Amino acid sequence: MDREVKERTILDTFAEDFVNVVEKHAKYIIVSGFVAIAHGRSRGTEDVDMIIERIKKEAFIKMHNDLLLAGFECIQSEYPEVIYDDYLKDKTSVRYVRKGHFIPEMELKLAKDELDDYQIKTRKKLPLTGLDLYFSSIEMNIAFKEELLKSEKDMDDAKHLRIIYSDVLDENEITRIKAKIRRLRLS
Amino acid sequence: MRDRTHSEQVIRWAEFVKTHPRSIWIREVGPLIDAQIIMANTFYERLSKTEGGVEKIRKLRKLD
């Protein structure tokens, strides 16, 4: 029996459609689990994590309205002022889904410190994923998973990425990022 | 606690991905990723039609 195999998963298409709107309004990066999944890690997830540069409320309202027009909705509130003032400005993430669907979710937050600024500044497109998206660097993802997140799932993600990029990884950069994580997120 | 064979499988699969093009490994993981999302959405849809289902979904999604 032949089974149809698509080049794009539901997660891929969801992320690309969301990014098509966001990139018109802000610099963004995709981080964490989807980075590993986009590199073939065989596990599920309910969400894609995105960090965007700190934008003003007016700019966010325009972006939110464009997301609505593209068929997305925010779970936390339908009012962009509330989303911005009660969540994003308060360094709390919000979640968008396709209207009428439950998952996947895009977990969206504003850059909150110099580490996030650095992640956005060093963002990369990663050809191995086959996706036209900006990701935080592989070194950044490994450092976060090994130094901050540390669950079995995260450690397996880091191990997977280390093997995929074993020939090009910058270990000194991973060490530098881990030091930043300890200073900014763990002290 | 996951045992040694789990770790070995993570390594074995990562080696496969590293040595094969995306068009090959996506055939293996793509349907798994899609199935999880399709099954979850189908379940939530069914749950939302039961008595108290919408409230349960809100709790599952930590909205209340």
* Asked: Among the residues of the stretch B:56-64, is there at least one that is in contact with a helix residue (DSSP H, G or I) (Cβ under 9 Å, 6 or more places away or on another chain), in a loop (DSSP other than H, G, I, E, B), within 24 Å of A:Val48 (Cα to Cα) and more than 7 Å from every other protein chain (Cβ to nearest Cβ)?
  -> yes
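Conditions tested, residue by residue: (1) within 14 Å of another protein chain (Cβ to nearest Cβ); (2) among the small types (Gly, Ala, Ser); (3) assigned to a strand (DSSP E or B); (4) closer than 29 Å to A:Ala143 by Cβ.
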position: A:Leu11; (1), (2), (3), (4): yes, no, no, yes
position: A:Lys24; (1), (2), (3), (4): no, no, no, no
position: A:Phe34; (1), (2), (3), (4): yes, no, no, yes
position: A:Gly44; (1), (2), (3), (4): yes, yes, no, yes
position: A:Val48; (1), (2), (3), (4): yes, no, yes, yes
position: A:Ile51; (1), (2), (3), (4): no, no, yes, yes
position: A:Glu58; (1), (2), (3), (4): no, no, no, no
position: A:Ile61; (1), (2), (3), (4): no, no, no, no
position: A:Asp66; (1), (2), (3), (4): no, no, no, no
Note on the stretch B:1-15: residues at pLDDT 90 or above and either facing another protein chain (nearest Cβ under 7 Å) or surrounded by 15 or more Cβ atoms within 10 Å (Cβ to Cβ) (or both) are B:Val10, B:Ile11, B:Trp13, B:Ala14, B:Glu15
Matching residues in the stretch A:110-121 (under 13 Å from A:Glu53 (Cβ atoms) and surrounded by 14 or more Cβ atoms within 10 Å (Cβ to Cβ)) number 8
Picking from B:Leu47, B:Leu32, the residue that is in contact with a helix residue (DSSP H, G or I) (Cβ under 9 Å, 6 or more places away or on another chain) and not hydroxyl-bearing (Ser, Thr, Tyr) would be B:Leu47
Within the stretch A:109-132, of all residues that are within 14 Å of chain B (Cβ to nearest Cβ), hydrophobic (A, V, I, L, M, F, W, C) and outside any helix (DSSP H, G or I), the one farthest from A:Ile61 (Cα to Cα) is A:Leu126
Does A:Tyr84 satisfy the condition of being over 18 Å from the mean Cα position of the chain (by Cα), aromatic (Phe, Trp, Tyr) and part of a helix (DSSP H, G or I)?
-> yes
Could you tell me whether any residue of the stretch B:45-54 is loosely packed, with under 14 Cβ neighbours inside 10 Å, small (Gly, Ala, Ser) and not in a loop (DSSP other than H, G, I, E, B)?
yes
Scanning the stretch B:16-44 for residues that are of a type in the set (Phe, Trp, Tyr), within 19 Å of A:Leu126 (Cα to Cα) and more than 7 Å from chain A (Cβ to nearest Cβ) gives B:Phe16
Any chance the stretch A:97-108 includes a residue that's closer than 24 Å to B:Lys62 by Cα, of a type in the set (Phe, Trp, Tyr), in contact with a Phe, Trp or Tyr (Cβ under 9 Å, 6 or more places away or on another chain) and in a loop (DSSP other than H, G, I, E, B)? yes
Matching residues in the stretch A:155-187 (touching a residue at least 12 places away in the same chain (Cβ under 8 Å), closer than 20 Å to A:Lys112 by Cβ and part of a helix (DSSP H, G or I)) number 7
- prompt: Based on what the data block shows, is A:Leu128 out of contact with any Leu (no Cβ under 6 Å at 6 or more places or on another chain), modelled with pLDDT under 95 and surrounded by 14 or more Cβ atoms within 10 Å (Cβ to Cβ)?
  reply: yes
| Hey, does the stretch A:152-175 have a residue that's within 29 Å of B:Arg2 (Cβ to Cβ) and touching a strand residue (DSSP E or B) at 6+ places or on another chain (Cβ under 7 Å)? | no
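The values are calculated or read from the model by the stated rules, or taken from the named source; none is laboratory data. Keep in mind it's a predicted model, so treat the numbers as computed, not measured. Don't worry about glycine lacking a Cβ; one is built from the backbone with ideal geometry, like all the others, and counts go over all protein chains shown.
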